[in-house]
1. Multiply the residue gap between residue 121 and residue 84 by 0.36 nm, knock off their C-alpha separation, and tell me the result in nm, one decimal place.
2. Calculate the length of the line joining the C-alpha centroid of segment 442-514 to that of segment 248-314, in whole Å.
3. Based on the Cβ-Cβ distance from residue 466 to residue 77, what FRET efficiency comes out when R0 is 22 Å, to the nearest 0.05?
4. So, with a 1.4 angstrom probe, what is the percent of accessible area on segment 179-250 that is carbon and sulfur?
5. Nearest 500 deg cm²/dmol is fine: what mean residue ellipticity at 222 nm does the chain get from its DSSP H runs of n ≥ 4 alone, each adding -39,500 (n - 2.57), divided by its residue count?
6. Roll a 1.4 Å probe over the protein chains and send me the accessible area per residue for the chain in Å².
7. Just report the Cα centroid separation between segment 112-189 and segment 316-336, whole Å.
8. How much of the accessible area of segment 312-396, probe 1.4 Å, is carbon plus sulfur, in whole percent?
Amino acid sequence: MKRSILLTAIGASALMAVSAASAKTLVFCSEGSPENFYPAVNTTGTSFDGNEPIYNRIVEFERGGTKVVAGLAEKWTISPDGTVYTFNLRRGVKWHSTSRSFKPTRDFNADDIMFSIERQWKEDHPYFKVTSSNHSYFGDMGMPKLLKSVEKIDDYTIKITLNQPEAPFLSDLAMPFAAIQSKEYADAMLKSGTPEKIDQDPIGTGPFYLVQYQKDAVIRYKAFPEFWGGKAKIDDLVYSITPDASVRWAKLQKNECQVMPYPNPADLDAIRKDPNVTILEQPGLNVGYLAFQTQKKPFDDVRMRKAISMAIDKKAIIDAVYLSSGVAAKNPIPPSLWSYNDNVKDDPFDPAAAKKLLAEAGYPNGLETDLWAMPVQRPYNPNAKRIAELMQADLAKIGVKAEIKSFEWGEYRKRLGDPDNFLHTLLGCDSAKSASGSNVAKFCYKPFDDLVVKAKTVSDQAERTKLYEQAQVVFKEQAPWFTIAHAVQLNPVRRSVVDFKLSPFGRHNFYGVDIKE
């Protein structure tokens, strides 16, 4: 019987170069197709990018930063005990009127907030199971237990009451899963017997509306002239879906696209020498890792997890795959994030010790396992297949025969800002209990979970830091992941692109971006 470990960490149509005489068009060479247009059931950067132009949230992260700013709520107040949030909503916010099956008759209001939260929260809601009942982030972040009530005070006031204080709550509401959809559209589609249309033919209040989606080829958006923040500077936004990094680079060179994500590290020298291209870079809030299925044998034994971790040559992987774009990871959060514990010692590369631990765990002659590798590039993992091959070779030296498995991105996903988003969402017990949540290791260890859950209820950052530092020590002791690297975020862009900003979360946002004539 094979055991599984998972390596993780988020053909295009021809497009003509932009003409100065035409409407302003920006082409983004994206790396893959979104799973759907409902962010609340997605966990991948690819899908979040596909949804980003369409929707807004109650609050937003400022473009290029982590600060929470006004979104569909103009202002808000928080009770002294940190459990009651009152949001005053914007008036006059228009919905896209572009769906072939629906035309809105009213502006955005509090009913839309109620609908967007309740379809994720209440299992008897008629939309709870539409598209998917697995509202990954909502569940993984403990929202079902956190929310006490969500009340509509009037058309433009919402009150959210929590069961206990939650320090990262505002930041949570700025995340993609909290995108706001139209209740009026949902009601109309439910009545017509086609509720899934709201997630396939979406409308939102965002700066762009969807025009066309052809899976694995192209997504076309147009600027929404009635956007509450003012019309976007570009008229047409096109995602040219281009999975191969070298092909993305070739398109950028020929001005067939103007922005590309996730360059092949081997192409960086050539990219830096191109006079028409600049590379935007900054430390990424990311971590690439190998997750062990901690609830199934043999990886329920920490000795097995430590054995695998010590058998893999991390430096060789970083040198071969990340080149100059990554630094070794020892913790589950990046060094640039507050509460990072630099005193934690990484597991050494020690095949002899690894083989000894393997024997102690009951496998003196080794074992067979599956090694899952994602089929697309992510900010934290530029080439999962190559990493898996290097790991496979290292593991063979201690008697572990690993068969590399991969699937098309959507099938792969089916099979499978705040330190809280790393430590609790990716490693907490709430997420482990979800059938297909973000805690792919299914790691649920009470001493760790107690620390990260307590940290969520504390408002003092110094106290939270101490708790998260302790949690990182426990993480290293229990080894639910083999941490690989923190990747520098790199985005090559044409010099004709004005005011494109990198997001620390690896998202790509094109509102506010311009193209020089």
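1. Details: separation 37, 0.36 × 37 = 13.32 nm, distance 1.79 nm.
Going from the current span to full extension adds 11.5 nm.
2. So the two Cα centres are separated by 15 Å.
3. So, using R0 = 22 Å, E works out to roughly 0.15.
4. Working: 1450 of 2770 Å².
Carbon and sulfur: 52 percent of the exposed surface of segment 179-250.
5. Values: 18 runs with 144 residues, N = 517.
It lands at -7500 deg cm²/dmol.
6. The answer is 39 Å² per residue.
7. So the two Cα centres are separated by 36 Å.
8. Details: 1930 of 3660 Å².
Carbon and sulfur together cover 53 percent of it.
The values are calculated or read from the model by the stated rules, or taken from the named source; none is laboratory data. Remember, it's a predicted structure, so these values are computed and weren't measured experimentally. Neighbour counts are summed over all protein chains in view; Cβ atoms, including those assigned to glycine, are modelled from backbone coordinates with ideal geometry. Calculation scope for accessible area: heavy atoms of the full protein, side chains included, ligands and nucleic acids excluded. Shrake-Rupley method; radii C 1.70, N 1.55, O 1.52, S 1.80 Å.
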